[in-house]
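The values are calculated or read from the model by the stated rules, or taken from the named source; none is laboratory data. Source: prediction; values computed, not measured. No Cβ is skipped: glycine too gets one built from the backbone with ideal geometry, and neighbour counts run over all protein chains shown.
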Amino acid sequence: MLASINEMLVTKLGPFGPLIVIGGIGLLLILVTLPTMLKKTPEPFEKIKMQRNAYKSPKEQGLRVGTSGGAGDKLQKFSTFLEPQNAEEMSASRMRMLRAGYRAKNAVQLFHFAQLALGIGFLILGVAYTMFLQTKGDISSQAMIMWTIGPGAAGYFLPKYWIQRRVQQRQEEIISGFPDALDMMLVCVEAGQSLDQSIMRVAKESRAGYPALADEFDSVANEVKAGKERVAVLRDMSDRVGVADVASFVTTLVQSATFGTSIAEALRVYSAEMRDKRVMRAEEKANKLPTKLTLGTMMFTVPPLMIILIGPSVHGIAKTLGGG
């Protein structure tokens, strides 16, 4: 029965008949399911807010809409579809976006929208390219599947790869600039400034060389200004950065504030430790360098050397045998 249906589809629609029918059925199911998934039941507080807005004047409502409009509000309508519904997954997604440097409120929604748009767009391009290859000649089923599904999968995972690279780059930048920031903070504290003032000064001075680290210190300074407890702010910074050195630094400051010890002394000891760790990381990279160069040496040095040493002998032997 399936063979007869497949033969009928190939006869009527061509070689891509089964693929077109399957794609059409999938698109139909998506169109049928999408309204149900996008339908979001209003919460009780939202109902109260809507009732309040109903009694406001059109001018006030217009000002409210003018101040809150934008791409974020458009994506907010599809938040049920564009963000995880599980609280743990949503918290992990927000933390990953913060570590990548995207602090916007709708960053998670934009990330999932990019995955959806790139996945569908690359899938369409893959189908078009597969049809183009089919017009040039017959291709195998494996090649058809690879050129159809492969671009869609690549487009879907491309935003995730981008976020991972961003997280890695920011963490490397923070690790590189953290010893210098600690030295500058130690100088500011010993000069008589408070810890909050020294954090603001370090954020200002490190902006040119290490913008990611400056952003984190700016966030700490602004949250402390807003009235949040300093210990909680520092721990949030440790979770947000995800770097072991920063976590140890936060632990040192929290212990110093808890036991009443000198912050300058704690910064002096910890900054010296960070400088030693930076030297150790540089030595580690230097020790890894000969091992990494071995492969390149074997590939690009040994073959030319063998040709230079053995080539004349092989040429002489071949000439002798040819002459004999």
Are any residues in segment 223-253 more than 25 Å from the chain's Cα centre (by Cα) and surrounded by fewer than 16 Cβ atoms within 10 Å (Cβ to Cβ), and if so, which ones? 225, 226, 227, 228, 229, 231, 232, 251
Name the residue, out of 163, 145, that is of a type in the set (Val, Ile, Thr), surrounded by 14 or more Cβ atoms within 10 Å (Cβ to Cβ) and assigned to a helix (DSSP H, G or I). 163
Taking segment 185-218 and keeping residues in contact (Cβ under 8 Å) with a residue 24 or more places away in the chain and hydroxyl-bearing (Ser, Thr, Tyr) leaves 206, 210
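Within the bounds of segment 293-315, is there any residue that is touching a Pro at 6+ places or on another chain (Cβ under 7 Å), closer than 25 Å to residue 172 by Cβ and in a helix (DSSP H, G or I)? Write out each step before concluding.
In the first step, residues of segment 293-315 are kept if they are touching a Pro at 6+ places or on another chain (Cβ under 7 Å); the result is none.
The answer is no, given that none of the residues of segment 293-315 is touching a Pro at 6+ places or on another chain (Cβ under 7 Å), closer than 25 Å to residue 172 by Cβ and in a helix (DSSP H, G or I).
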Find all pairs meeting these conditions: Cβ atoms under 6 angstrom apart; at least six residues apart or on different chains; first residue within segment 228-242 and in contact (Cβ under 8 Å) with a residue 60 or more places away in the chain and on the phi > 0 side of the Ramachandran plot; second residue of a type in the set (D, E, K, R) and in a helix (DSSP H, G or I). 242/99
Do the conditions hold for residue 92, that is, is it out of contact with any Lys or Arg (no Cβ under 9 Å at 6 or more places or on another chain), farther than 23 Å from residue 241 by Cα and surrounded by fewer than 14 Cβ atoms within 10 Å (Cβ to Cβ)? no
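Which of the following residues is closer than 19 Å to residue 274 by Cα and under 23 Å from the mean Cα position of the chain (by Cα): 155, 209? Steps first, answer last, please.
Details: 155 fails: closer than 19 Å to residue 274 by Cα.
The conditions single out 209.
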Any chance residue 277 is outside any helix (DSSP H, G or I) and of a type outside the set (Ser, Thr, Tyr): no
Count of segment 105-142 residues which are modelled with pLDDT under 80, exposed (fewer than 13 other Cβ atoms within 10 Å of the Cβ) and not in a helix (DSSP H, G or I): 3
